[in-house]
Amino acid sequence: MLEIKNVNKFFGGLKAVHNASIKVEEGSITGLIGPNGAGKTTLFNTIAGLYDPDEGNIFLNNENISYLKPHELFAKGVLRTFQIAHEFSSLTVLENLMMVPPNQYGEKLSYALLNNLKVKKQEEEIREKAVEVINFLNLTNLTQELAGNLSGGQKKLLELGRTMMVDPKIVLLDEVGAGVNRTLLNEITDAILRLNKEKNYTFFVIEHDMDLIEKICDPVIVMAEGSVLFKGNFEEVKNNEIVIEAYLGKGLKKSKL
Ligand SMILES: Nc1ncnc2c1ncn2[C@@H]1O[C@H](COP(=O)(O)OP(=O)(O)O)[C@@H](O)[C@H]1O
Ligand SMILES: [Mg+2]
């Protein structure tokens, strides 16, 4: 589905991503791990159109998407969530979700005036979809809560919910577990699994929480210092000497892996 071919991304002299080649298969939940500074977020930003690759190409179902902008990728079903959630804090959970779908008739005043009924109908459909998403994520009792009042984990669930408002082909999750308590992390994990199984979402997941990686990701790709080091299932990753070395090199304990 997603093919990253020999991608390089430099910041001045720093090779943040160095000759990375990765395939994310349709229907998979592919994990991306590696020590801090490995280039994971930079790679995601390059896929999601925040940066153009300096070298190499990125394909979505064989179409070259290397130089598309975020909104163009969004339209093609390439969605991402951010390491730091970016909800609209003064809007409710429902409103946050209802804002996601692009090209809403109601935004064009002339259209709104001429086609009031159509606008209302579309808004109603979007509202229904948002309610469906909220229920799927077990956020029903927070429907009318201001997003700013949500806990860190609930905000991450809302981020996931935003991707569900359009029909994504692939969702990139950047540290969806960061700063989230165990209970909510289990809910997020469960939601990812259900979206994968029931709605056939493909996921590409950056995560530091190895429990989450072990539970849902196959394959797992390991990056360090800009390069792809290894790809395998979690068991293989855990026992690979090069991978262990990369983590130990950053002063992390083996038990962390
Ligand atoms: N916008 C930027 N400008 C300059 N250097 C950056 C920028 N973003 C990331 N870097 C550097 O690129 C390297 C990879 O960072 P990042 O992709 O955030 O790693 P990870 O997400 O794996 O922790 C790091 O050395 C980081 O300091
Ligand atoms: Mg990062």
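The values are calculated or read from the model by the stated rules, or taken from the named source; none is laboratory data. Remember, it's a predicted structure, so these values are computed and weren't measured experimentally. Positions of Cβ are backbone-derived with ideal geometry, glycine not excepted, and every protein chain shown enters the neighbour counts.
Does LEU173 fit the bill of being more than 15 Å from PHE136 (Cβ to Cβ), of a type outside the set (Phe, Trp, Tyr) and in contact with a strand residue (DSSP E or B) (Cβ under 6 Å, 6 or more places away or on another chain)? In short, yes.
Screening ALA20 with (1) more than 14 Å from ligand 2 (Cβ to nearest atom); (2) closer than 12 Å to ILE206 by Cβ gives one miss only, at (2). The C-beta contact set for region 31-46 (first residue part of a strand (DSSP E or B), second residue near ligand 2 (Cβ under 10 Å from one of its atoms), distance under 6 angstrom, 6+ apart or interchain) comprises LEU32/LYS40; LEU32/ILE206.
Those strands (runs of 3 or more DSSP E) of region 168-257 in which at least 2 residues are modelled with pLDDT of 90 or more, under 23 Å from LEU14 (Cα atoms) and within 21 Å of the chain's Cα centre (by Cα), considering only elements entirely within it, cover 220-224, 227-232.
Do you know which residues across region 120-176 are more than 25 Å from LYS40 (Cα to Cα), among the small types (Gly, Ala, Ser) and touching a residue at least 40 places away in the same chain (Cβ under 8 Å)? Correct list: ALA147, GLY148. Scanning region 47-66 for residues being away from ligand 1 (no atom under 16 Å from the Cβ), in a loop (DSSP other than H, G, I, E, B) and touching a residue at least 60 places away in the same chain (Cβ under 8 Å) gives a total of 1.
Could you tell me which of the residues GLY148, GLY153 is in a helix (DSSP H, G or I) and either modelled with pLDDT of 90 or more or surrounded by fewer than 15 Cβ atoms within 10 Å (Cβ to Cβ) (or both)?
One residue alone meets the criteria, GLY148.
Against the test of being within 16 Å of ligand 2 (Cβ to nearest atom) and of a type in the set (Phe, Trp, Tyr), the options PHE59, PHE88, PHE82, PHE74 yield a single qualifying residue, PHE82.
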